[in-house]
Amino acid sequence: PIQALKIAKWGFIVRQARPHVKFPTTAVSFLVGVAVGIVTPARAGELTRVLYLNTEHRFELIGLVVADRVMDLATILLFAGVSVYLISSPPFGLIPILGALLLAVGLAASRSLADWTEAARHSFPGRSRVSRFLDQLRILRPSVISKGMLLSVLIFALALLQFYWLLTAFEPVTWEAPVVSFPLLLLAGALPITVAGIGIREGTATLVLLGLGVAEVTAIGATIFSFTMNTLLPGLLGAVLLILPAHPRSEQERDATQENR
């Protein structure tokens with residue numbers, strides 16, 4: 001369910017700009033992005049999703065990948081604020097929440113930036129390409145952002161519940177253990193320090209959960225299983241899809257190419 005929702009969210013965002021793109025295409029695109037993202041700092045390899053969208057002007061859709069990741073990061077920061085609130089003083093908990101709000105405002109402001117670039121009278125090198133790139137961000141209407149954020153929250157909630165079950169497979173824990181630790185370990189894993197966040201994520205989980213009376217083996221084991229199910233296995237599937245022959249171009253893309261000629 002977690003992976004299905006992630007693919008559905010990515011497909012929802014893509015279809016705002018390219019309505020003809022089908023679910024199988026967005027699924028392959030997403031899984032390949034996960035595979036490349038595992039071995040790149042800060043999961044920058046997920047930008048390769050656009051290569052498998054099988055549509056015209058793929059590279060101009062990179063902004064949609066960024067928007068998808070920003071929604072996820074804003075959700076993590078939102079829940080991280082709750083974590084910090086529970087283990088520290090309330091003012092510190094407001095810092096991650098403020099970061100989440102700033103990211104949401106940035107997404108909303110991207111439409112205005114696209115409109116301003118389009119209306120700008122002064123030209124500059126590469127203006128047409130930048131305009132086409134920003135034009136894709138016009139799909140980020142308030143309704144699109146709110147639905148995307150809602151899906152991100154639902155995905156996070158399922159992953160949090162999954163992490164709770166993984167912890168209880170090792171030993172009984174209270175609800176506070178996953179609620180406090182899970183957002184922080186995801187946030188630490190997003191730092192571009194190690195490959196796929198390996199080590200820093202487990203270290204963060206151990207540090208936080210030990211303070212809540214959870215054994216070290218439980219913290220490390222649950223974190224590794226969570227990473228395996230939510231990132232490694234989808235990434236392995238994406239790696240298989242990555243080495244398969246490229247999909248044929250869509251009918252729309254062939255027609256557009258013929259018209260350009």
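The values are calculated or read from the model by the stated rules, or taken from the named source; none is laboratory data. These numbers were taken from a predicted model, which means no experiment stands behind them. Note: ideal-geometry Cβ built from the backbone for every residue, glycine included; neighbour counts use all protein chains shown. Ligands, DNA and RNA are excluded from the accessible area calculation, which covers all protein heavy atoms including side chains. Shrake-Rupley method; radii C 1.70, N 1.55, O 1.52, S 1.80 Å.
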Exercise for the section: Collect the residues in the stretch 171-186 that are open to solvent by 50 Å² or more (accessible area, probe 1.4 Å) and over 18 Å from residue 87 (Cβ atoms), keeping them in residue-number order. Expected result: 172
Exercise for the section: Check the stretch 54-63 and report whether any residue there is in contact with an Asp or Glu (Cβ under 8 Å, 6 or more places away or on another chain) and modelled with pLDDT of 90 or more. Expected result: no
Problem - Unique residue being open to solvent by less than 40 Å² (accessible area, probe 1.4 Å) and either under 19 Å from residue 144 (Cβ atoms) or assigned to a helix (DSSP H, G or I) (or both) when the list is 82, 65 - result: 65
Completion exercise
Expected single match for of a type outside the set (Ser, Thr, Tyr) and surrounded by fewer than 16 Cβ atoms within 10 Å (Cβ to Cβ) among 221, 199, 189 is 199
Exercise for the section: Take the residues in the stretch 29-45 that are surrounded by 22 or more Cβ atoms within 10 Å (Cβ to Cβ) and of a type outside the set (A, V, I, L, M), then tell me which one is farthest from residue 142 (Cα to Cα). Expected result: 37
Problem - Top-ranked residue of the stretch 1-28 - restricted to ones that are without any contact (Cβ under 8 Å) to a residue 40 or more places away in the chain and of a type in the set (Lys, Arg), ranked as surrounded by the most Cβ atoms within 10 Å (Cβ to Cβ) - result: 15
Exercise for the section: Answer with yes or no whether residue 207 is without any contact (Cβ under 8 Å) to a residue 24 or more places away in the chain, farther than 21 Å from residue 40 by Cα and part of a helix (DSSP H, G or I). Expected result: yes
Handout entry: Hey, residue 114 in contact with a Leu (Cβ under 7 Å, 6 or more places away or on another chain) and either open to solvent by 60 Å² or more (accessible area, probe 1.4 Å) or at pLDDT below 90 (or both) or not
Key = yes
